[in-house]
Amino acid sequence: MRISKVVETMQPSGIRAFFDLVLGMKDVISLGVGEPDFVTPWQIREAGIYSLEQGFTSYTSNKGLYKLRLGIQRYLKNKYGLDYCPDEEILITVGVSEGLDLVLRSIINPGDKILIPQPSYVSYGPVTELAGGVPVYIDTSKNDFKITPKLLEKHIDKKTKGIVLNYPTNPTGVSYRKKELEEINKVLIKNKVLCISDEVYADLTYDFEHVAFPSLPKAKSNTVYFNGFSKSYAMTGWRIGFACGPKEIIAAMNKIHQYTIMCVPITSQMAASEALVSGKRSVEEMKREYNRRREFMVTELNSLGLKCFRPQGAFYVFPSIKNTGLSSMDFSRKLLEEEKVAVVPGTAFGAGAEGYIRMSYASSLDNLKEALVRIKRFLRKRENNAG
Amino acid sequence: MDEILDILEKDCRTSAEDIAKMTNRKVDEVKKAIKKYEKEGAILKYKAVINKDLVRDNESEVRALIEVNIVPQKDLGFEKIAERIYSFPEVTSCYLISGTYDLLVVIEGKNLHTVSNFVAEKLSCLENVRGTATHFLLKKYKEDGVILKHKSENKRIAISY
């Protein structure tokens, strides 16, 4: 056997088949997309182009361009009052994805457990396994998709090394207020569980101010913080993010990073620097637009009879489809085949999400409306058949 | 600015019902607000932005930007003379500007001839107009925040995490 056991036993085939079905179909209205429908703001693209014209085509230091790390330091200081040293506590990574892989490989000894509240983004579990760790999934579906101190304590044992927290959450759009985070933080500190905080959707928080986990009392030395440019600046394809944390962890991560990635492409780094300088207005504009679509989708889905709570962030709604009697996968497949609307079955994000689907509202209002018309037709047809 | 105005400015076809859903307000409240804006003149008009290069008919038109130098009048400044100029139906926009010239006037005509006639016979001979400089518009790239190009197709893959 040529393939390692870990890789061979890794992750689902069912979802893959569904994804292939979507990709093979024409004229689909897709609400299954996990990235903004905006193009990267022009001034950021222009900075990338200009850097190429100027001949910036070389490697950078492993940690990333100093001016970008400095920009990140200032950004976090202004926004959250956080002070990370650009020399030792900030690392530029190929998206948050690379950063997560790095931190898990840096901290896990064989058999160490990593807590993963679910539903969650798909990579946390597999990457933990690749690093030799044991993912411990915490089903949050009975707690409004939120992790609570009680749930946490129930799952912590001597082997627990860390937790991957993601808020606003992909796929549910759920986020946490300061008070809730403080309670979680207390449990983590008491039990010496490292917080791996994926806050890539932070700038898309609608109902209250986002609170960065390391800005909580005593949390900074117990947290590795992740953010990126993909979601807030619509820069998914540039593949650039960053990690901030205690210097010994960042140094360990940089060890792996220097042998595997070397450095993030310089064009992306130059563009990201510009994003921090002049991107704020674009972020605000996009956020305003998403917020309207969020309100629109929540109202419409509820009136169609798909119970949908009001998410606080990201660009996803996570309605329940339980009253259709269909499984997430069947609902998604039938909706695709009959009405050519693509959504992602909740089960893609963990078993606790059976009975839910993820719909992205990173799509124009016209698209959203047309999708809703089709979903309505789809639901009526089922009702009629049942009646 | 009120969100309602922002939404309408982006797409004036958005119905009061949809605006209500988008802003989490009551439909009646939105309708009332829009009526009020219309009455006060905050909302002046609803219109489509048309790329006339793509409209095939014979009524092609010529546009020109004209810089106008005027002598301000005592007590009235530029107001009165500006009014005399912008009241001509050929004038589509009129701005008071800083710099060498005083007014920037945008005019539209059927052809070069009608535009130059307007400048020569109407505009230049107004009492307070000291001089003009006419710039004919050759191509429009962007207008009112809209890039005049076919929308490029969506480049995202149809499904992703």
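We did not get these values from a lab; they are worked out from the coordinates using the rules stated. Everything numeric in this text was worked out from a predicted model, so none of it was measured. Cβ atoms come from the backbone with ideal geometry, glycine included; neighbour counts cover every protein chain shown.
For the residue pairs A:Lys5/A:Lys190; B:Lys32/B:Lys140; A:Lys26/A:Lys381; A:Lys67/B:Lys155, alpha carbon separations beyond 26 Å are given by A:Lys5/A:Lys190; B:Lys32/B:Lys140; A:Lys67/B:Lys155. Rounded to the nearest 500, the 222 nm mean residue ellipticity of chain A from helices alone is -13500 deg cm²/dmol, with -39,500 (n - 2.57) taken per DSSP H run of at least 4 residues.
Summing Lys, Arg as +1 and Asp, Glu as -1, what charge do residues with Cβ under 13 Å from the Cβ of A:Pro265 carry, A:Pro265 excluded?
0
Determine the dipole magnitude for the range B:22-161: charges of +1 sit on the beta-carbon of Lys and Arg, -1 on that of Asp and Glu, nothing else is charged, the reference point is the Cα centre, and the result goes in debye to the nearest 20. Please report the intermediate quantities before stating the final value.
Details: 25 positive and 20 negative charges, 176 e Å.
That gives the range B:22-161 a dipole magnitude of about 840 debye.
In terms of overall dimensions, chain A has a Cα radius of gyration and Dmax of 20.9, 68 angstrom.
Ranking request for peptides A:368-376, A:148-156, A:305-313: highest mean number of other beta-carbon atoms within 10 Å first, then the rest in descending order. Numbers along the way, then the final one.
On the way: A:368-376: 18.0, A:148-156: 15.4, A:305-313: 19.7.
Top of the packing list down: A:305-313, A:368-376, A:148-156.
Straight Cα distances below 25 angstrom link B:Lys26 to the lysines A:Lys287, A:Lys307, A:Lys369, A:Lys376, B:Lys10, B:Lys35, B:Lys36, B:Lys39, B:Lys45, with same-chain residues fewer than 8 positions distant left out.
Rounded to whole Å, the principal axis extents of the Cα atoms in the range A:52-159 read 54, 32, 26, largest first. Each of B:Arg25, A:Arg294 has some number of other Cβ atoms within 10 Å of its Cβ, and from fewest to most they run B:Arg25, A:Arg294. Electrostatic tally near A:Ala251: other residues with Cβ closer than 13 Å to its Cβ, Lys and Arg +1, Asp and Glu -1, net -1. Averaged over the residues of peptide A:291-302, the number of Cβ atoms from other protein chains lying within 10 Å of each residue's Cβ is 4.
In what order do A:Phe19, A:Phe213 fall by count of nearby beta-carbon atoms within 10 Å, going from fewest to most?
Numbers: A:Phe19 19, A:Phe213 26.
By the 10 Å Cβ count, ascending: A:Phe19, A:Phe213.
This ranking places A:Arg292, B:Arg56, A:Arg105 by how few other beta-carbon atoms lie within 10 Å of each, fewest first, which gives B:Arg56, A:Arg105, A:Arg292. Between B:Val62 and B:Gly109, B:Lys110, B:Asn111, the built amide H atoms are under 5 Å apart, and every one of these is 5 or more places off in sequence or on another chain.
For chain A, the relative contact order is 23 percent, taking Cα pairs closer than 8 Å that sit 6 or more residues apart in sequence and dividing their mean separation by the residue count. Residue by residue along A:355-365, Cβ atoms of other protein chains within 10 Å of the local Cβ number 1 on average.
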